[in-house]
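First up is the structure itself, then whatever we jot down about it.
The values are calculated or read from the model by the stated rules, or taken from the named source; none is laboratory data. Here the structure is a predicted model, which is why all the values come from computation and not from measurement. Here the Cβ positions follow ideal geometry from the backbone for every residue, glycine too, while neighbour counts run over all protein chains shown.
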Amino acid sequence: MSLPTFQNFLHPVLQAVADRATELKTKDVADDVARKMNLSIEDREIRIRGGTQTAFDNRLYWAFIYLQRAGLLKRIERGVYSPMHDTM
């Protein structure tokens, strides 16, 4: 299976954050998102060009950024977000 684009990460990330309803780090929801997207360990280990980061982590982080920019998540600090309670 090829890894979905970051746009496909948006809904699973939003669901995972809403399920927790508290401040959390991006890495805290990685397993939940992978499970919701039915991604294998091999899918999660695919590296981006340059090999410094996995494509999964890269797309997960971009999903968080775009959800924050859309006003659906609140950025507490780098890599730490919380849901916007009035939109959930």
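Among the residues of the range 19-35, those identified as hydrophobic (A, V, I, L, M, F, W, C) and under 12 Å from the mean Cα position of the chain (by Cα) are 24, 29, 30, 33, 34. Elements of the type helices (runs of 4 or more DSSP H) sitting completely within the chain and holding at least 1 residues that are modelled with pLDDT of 90 or more and of a type in the set (D, E, K, R): these cover 30-36, 41-44, 55-69.
Here 72, 3 are screened, and the one residue that is touching a Pro at 6+ places or on another chain (Cβ under 8 Å) and in contact (Cβ under 8 Å) with a residue 12 or more places away in the chain is 72.
Would you point out the residue of the range 6-29, among those that are over 14 Å from residue 83 (Cα atoms) and among the hydrophobic types (A, V, I, L, M, F, W, C), that is surrounded by the fewest Cβ atoms within 10 Å (Cβ to Cβ)? Among those residues, the one meeting the criterion is 6. Which of the residues belonging to the range 30-88 are within 16 Å of residue 10 (Cβ to Cβ), of a type in the set (A, V, I, L, M, F, W, C) and loosely packed, with under 13 Cβ neighbours inside 10 Å? Passing the criteria: 70, 88.
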